[in-house]
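Okay, structure first, notes after.
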Amino acid sequence: MQAFGDAMALGCALAWALAVLAFRRVQGVGPAALNLFKNTLASAMLFATMLATGLRFDLGREWSDWGALALSGVLGLAVADTLFLAGLRRVDASIAAVADCAYAPTVLALSVVALGEPITTGLWIGAPLVVLGLAVVGWEPRGEAKPVDRRGLVLCVAGVMTTAVAVVLAKRALDRSELIEATAVRLVAGSIALFAWETIAGRRREVLALFRERESWKWAVPGAVLGSYVAMILWLGGMKYGAASRAALLNQSGAVFVLVLSRIGGEVVPARRWIGAGIAIVGVAAVLAW
């Protein structure tokens, strides 16, 4: 079962890396519109999967578990993904990849606070290394032609850290739930919350823009399928069927995938981003090794 969980976590990293590159190419719509589009499409695909496999919603679930999954969906899919996509509009995919390294240390730190797990030596060593790696990526050498947009980097990090809060919140409920069904609950809750918020704020037309802009679907649809359907199932599956620490470490290999794929795609990746990514990944490994 551990090997199955490891394979799912590694597959999640690759699927998310491809999704990030696709989302980076979607232009002309805001991050909330892209987020609602991808979540709605993934929700429809999950419903179809449930029908095909005979799964049903667990109406006997404890209300506390319903609340945990729903709140996790709101934080992770309405708030966190919108922050991350907003940051991705301002920075290259290679920078967003390094920002993603903040995920594992945040999960471990929250596990200490929320789940009562002991503070590990790795957390003391690894968390500062992740911060150092992000600082190296965000550092602007004098005379650089294309400086890093630090606000974009902060938005990406904020999105990643909010995702970590969401997954820790859902961990116990997820352990008592079917994988596909629990993923569907989170996606529906996040989609409804995002649409309701944008409607209240008077941005209903804007948040529905991508449903009309079919020219953007050539990148938005593959990104949604890979990032909100495939990666979501594999991510939660890695957490459910394997050790959470191993899953988190394998998830972080997505940073390497994004850097490599970005370079293959023609994006200029300065040496310091490779260095920063290396420092951050070593930090993640330290957090999860001790």
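Things to note:
- Each residue of region 33-38 was assigned a 3J(HN,Hα) from its phi angle through the Karplus curve 6.51 cos²θ - 1.76 cosθ + 1.60 (θ = phi - 60°); the sequence is 5, 5, 5, 5, 4, 5 Hz, with glycine and proline shown as x.
- Whole-Hz Karplus values for region 211-227 come out as 5, 9, 7, 5, 5, 7, 5, 4, 10, 5, 5, x, x, 5, 4, 6, x Hz, taken residue by residue from phi with 6.51 cos²θ - 1.76 cosθ + 1.60 and θ = phi - 60°; glycine and proline positions read x.
- Converting phi to 3J(HN,Hα) with the Karplus coefficients 6.51, -1.76 and 1.60 and the offset θ = phi - 60°, region 156-164 yields 4, 5, 4, x, 5, 5, 5, 4, 4 Hz in sequence order, with x at every glycine or proline.
- Cβ-Cβ distance of residue 267 and residue 7, R₀ of 30 Å, FRET efficiency by 1/(1 + (r/R0)^6): the value works out to about 0.60.
- On full extension, the segment bounded by residue 64 and residue 113 gains 15.7 nm, given 0.36 nm per residue less the C-alpha separation.
- Full extension of the chain between residue 25 and residue 132 yields a length gain of 35.6 nm, computed as 0.36 nm times the residue separation minus the alpha carbon distance.
- Paramagnetic reach from residue 211 in region 20-37 [backbone N under 20 Å; point 7 Å along Cα→Cβ]: 27-37
- Report note on the peptides 267-278, 195-206: ranked by the mean count of other C-beta atoms within 10 Å, highest first, their order is 267-278, 195-206.
- Overall size of the chain from C-alpha positions, given as principal axis extents largest first: 57, 48, 33 Å.
- Here the contact order of the chain, divided by its residue count and restricted to Cα pairs under 8 Å and six or more residues apart, works out to 45 percent.
Values in this text are rule-based calculations from the coordinates and carry no lab data. Model, not experiment: these values are computed from the prediction. Every residue, glycine among them, receives a Cβ derived from its backbone with ideal geometry; neighbour counts consider all protein chains shown.
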